[in-house]
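> I have a structure here, written as structure tokens, and I will follow up with some questions on it.
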Amino acid sequence: MAKITASVYTSHVPAIGVAIDLGKTQEPYWQPLFAGYEPSKQWMKDNKPDVIFLVYNDHATAFSLDVIPTFAIGCAAEFQPADEGWGPRPVPMVKGHPQLAAHIAQSVIQDDFDLTIVNKMPVDHGLTVPLSLMCGQPEAWPCSVIPFHVNVVQYPVPSGKRCFQLGQAIRRAVESYDEPLKVQIWGTGGMSHQLQGARAGLINKAWDNAFLDRLIADPAGQAEVPHIDYVREAGSEGIELVMWLIARGAMADIKGGPAPTLRQRFYHVPASNTAVGHLILENN
Ligand code: DHB
Ligand code: FE
């Protein structure tokens, strides 16, 4: 059977992608940020999965206001890096895993979560920046990637509780797939940031770090936190953090297994308009 080996959490700032693509990672502004991901890149090499189930949000790239899926699973064989206004990032094509994606769709939908099936989906910085942070600049990404989009842009957005429950359904789906695949689940986006309005530029280090503490040690409690707290404390785009609860919900301890091992924890401000947070939790 397939199994979830680990969960990875990281912010997804577009300017990070630009810094990587233009060779600026050692500049004074960026160096401390990329230093925080060096151990993670090594961990990724040492713990190469077969598939990454990558929970992220599309930023009006694949989906416009015409159609807004709350949860959408990418079932295609390939996903093209998107043109977000400056041309597509010079990163490899994202190779999917249609068989596992179809199985997860079947299992999760029968488990009462309504997913949108997507067979064509250009992937924006929400997906490619986390891959770049964890994998560097390879010729090809090291494994298959199943993109899983969550609407955190246009209200109403799903609750943290719903996301946490969905993570548990995804774990059941992966563990019922009849092939011994090693699957990582990634939760991306966040941390505190607000890109518009009177509070543009908001960063809340204390709240972000309390979120990291609680995501590790009390995820069920964190899942009860309402949207308004994220928006008030972490800014309008801080709501991206509910996606981390999907990855956390898929970990073994949520179903009574052993607590995960913390392999990396990193927090850095600033990165563009965003606080950057990062965790790696390994199942035991
Ligand atoms: C920034 C952060 C985001 O999450 C995003 O989607 C776009 C921009 C920023 O910090 O600039
Ligand atoms: Fe974003």
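To keep it simple, each residue is scored yes or no on (1) crowded, with 17+ Cβ neighbours inside 10 Å; (2) on the phi < 0 side of the Ramachandran plot; (3) more than 12 Å from ligand 1 (Cβ to nearest atom); (4) in a strand (DSSP E or B).
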position: V225; (1), (2), (3), (4): yes, yes, yes, no
position: V242; (1), (2), (3), (4): yes, yes, yes, no
position: R265; (1), (2), (3), (4): no, yes, yes, yes
position: P270; (1), (2), (3), (4): no, yes, no, yes
position: L281; (1), (2), (3), (4): yes, yes, yes, yes
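> Continuing with this model, one more query. Suppose we filter A76, A62, A19 for residues that are over 23 Å from V153 (Cα atoms), among the hydrophobic types (A, V, I, L, M, F, W, C) and assigned to a loop (DSSP other than H, G, I, E, B); which single one remains? Reasoning before the result, please.
Numbers: A62 fails: over 23 Å from V153 (Cα atoms); A19 fails: assigned to a loop (DSSP other than H, G, I, E, B).
Answer to the check: A76.
> Of all residues in the range 94-130, how many are under 26 Å from M44 (Cα atoms) and either touching a strand residue (DSSP E or B) at 6+ places or on another chain (Cβ under 7 Å) or open to solvent by 30 Å² or more (accessible area, probe 1.4 Å) (or both)?
Restricting attention to the range 94-130, the residues satisfying the condition of being under 26 Å from M44 (Cα atoms) are 94-104, 121-130.
Checking which are either touching a strand residue (DSSP E or B) at 6+ places or on another chain (Cβ under 7 Å) or open to solvent by 30 Å² or more (accessible area, probe 1.4 Å) (or both) leaves us with 94-104, 121-123, 126-128, 130.
Residues flagged as under 26 Å from M44 (Cα atoms) and either touching a strand residue (DSSP E or B) at 6+ places or on another chain (Cβ under 7 Å) or open to solvent by 30 Å² or more (accessible area, probe 1.4 Å) (or both) within the range 94-130 amount to 18.
> How about the range 53-75: which of its residues are within 16 Å of ligand 1 (Cβ to nearest atom) and either closer than 15 Å to V242 by Cα or under 16 Å from the mean Cα position of the chain (by Cα) (or both)?
L54, V55, Y56, N57, D58, H59
> Examine the range 37-55 for a residue that is closer than 22 Å to R265 by Cα, within 16 Å of ligand 2 (Cβ to nearest atom) and open to solvent by less than 30 Å² (accessible area, probe 1.4 Å), and state whether such a residue exists.
Looking through the range 37-55, at least one residue is closer than 22 Å to R265 by Cα, within 16 Å of ligand 2 (Cβ to nearest atom) and open to solvent by less than 30 Å² (accessible area, probe 1.4 Å).
> Among the residues of the range 182-223, write down those that are in contact (Cβ under 8 Å) with a residue 40 or more places away in the chain, away from ligand 1 (no atom under 16 Å from the Cβ) and either surrounded by fewer than 18 Cβ atoms within 10 Å (Cβ to Cβ) or not in a strand (DSSP E or B) (or both). So that I can check it myself, show each step before the final result.
The first filter runs over the range 182-223 and keeps only residues in contact (Cβ under 8 Å) with a residue 40 or more places away in the chain, leaving 182-196, 200-201, 203-205, 208-209, 211-212, 215-216, 219-220, 222-223.
Next cut, away from ligand 1 (no atom under 16 Å from the Cβ) only: 182-185, 209, 212, 215-216, 219-220, 222-223.
Answer for the range 182-223, where residues must be in contact (Cβ under 8 Å) with a residue 40 or more places away in the chain, away from ligand 1 (no atom under 16 Å from the Cβ) and either surrounded by fewer than 18 Cβ atoms within 10 Å (Cβ to Cβ) or not in a strand (DSSP E or B) (or both): K182, N209, L212, L215, I216, P219, A220, Q222, A223.
The values are calculated or read from the model by the stated rules, or taken from the named source; none is laboratory data. In this text, all values refer to a predicted model and were calculated from it rather than measured experimentally. All Cβ positions, glycine included, derive from the backbone under ideal geometry; neighbour counts span all protein chains shown. Just the protein is used for accessible areas: all its heavy atoms, side chains included, with ligands, DNA and RNA removed. Shrake-Rupley method; radii C 1.70, N 1.55, O 1.52, S 1.80 Å.
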